[in-house]
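Student: Handing you a structure now.
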Amino acid sequence: MSDLAKARRLLARNGAWIDGVGHGYVLRVGANRRTRVLLTLNEATFRDLIDQPGLRVRPGGGWLPRPAPVTDATSPPGRPGMIEGVALVAERDGRFTPRRANLGQSAIGWLARHKDEAGRPWLSPAQVAAAQRLSLDAEAALRGPSLTMRWDALPRSGGGSATRAEPGDQALAAGRRVEAALSACGPARRMVEAVCIRASSLQLAEQDLGLRRRTGRAMLIQGLTALAAHYRIG
């Protein structure tokens, strides 16, 4: 059995995910990085997995296999992870447009639903819209103009753009927008990247960045405020 076939079979297991290690990838089954490595993947195999079964960002780092598409149009609402609602999306001209959205699919969506002791939302509409725009640009950098997601077009934390795309590539342009936006976040860059791009929870981001507990929200708000100013939102 080839490594690609073995990887696809292992990814079908419950709890399977791909972890980035150095300049390569490993496949694990379990909740964290203490689990045993079942398979080491090269770049070519990883890119084949992007095409089939497809990969999505895993909260806490790494990638999960994309779920199989739902073909039954009568599937009931209220699926696990689905919180139907309306989100304000910032358009290119600065206007806010309400759109139907799954409010439960991202860490930002979770934060946007919470309020402080005075009943005020944790995040302002401008901060949420800025986070959504950054996420969309990051997804464009990953996806590229074809069906293959361009993971190499996305800037890595702590470094500049790691792009290897051809000049004029839409993924390269999106990667540059992501890099400029993250740079505008200043000291909060890594927190914004963890939550808005890597889909990490606040608690996990605090742990990964070595922050004291309950300090991540203030840093995230600081970064999102700078991000909204960068996008000229609000």
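The values are calculated or read from the model by the stated rules, or taken from the named source; none is laboratory data. What you are looking at is a predicted structure, and each value in this text was computed from that prediction instead of being measured. Glycine gets a Cβ as well: all are built from the backbone with ideal geometry, and neighbour counts include every protein chain shown. Only protein heavy atoms, including side chains, enter the accessible area calculation; ligands, DNA and RNA are left aside. Shrake-Rupley method; radii C 1.70, N 1.55, O 1.52, S 1.80 Å.
Student: Given a 1.4 Å probe, how much area per residue of region 180-234 is accessible, in Å²?
Tutor: Here the per-residue accessible area is 51 Å².
Student: Obtain the nm distance between the two label points defined at H23 and R232 by a simple spin-label model: each point lies 7 Å from its Cα along the Cα-to-C-beta direction.
Tutor: About 4.1 nm, to one decimal.
Student: Under a crude label model (7 Å from the Cα following the beta-carbon direction), how far is K115 from R9 in nanometres?
Tutor: So the two model labels end up 5.4 nm from each other.
Student: Which order, highest average first, do 42-52, 56-66 follow once you tally other Cβ atoms within 10 Å for each residue and take the mean per peptide?
Tutor: 56-66, 42-52
Student: May I ask you to give the solvent-accessible area per residue for region 1-63, in square angstrom, as obtained with a 1.4 angstrom probe?
Tutor: Per residue, region 1-63 has 54 Å² of solvent-accessible surface.
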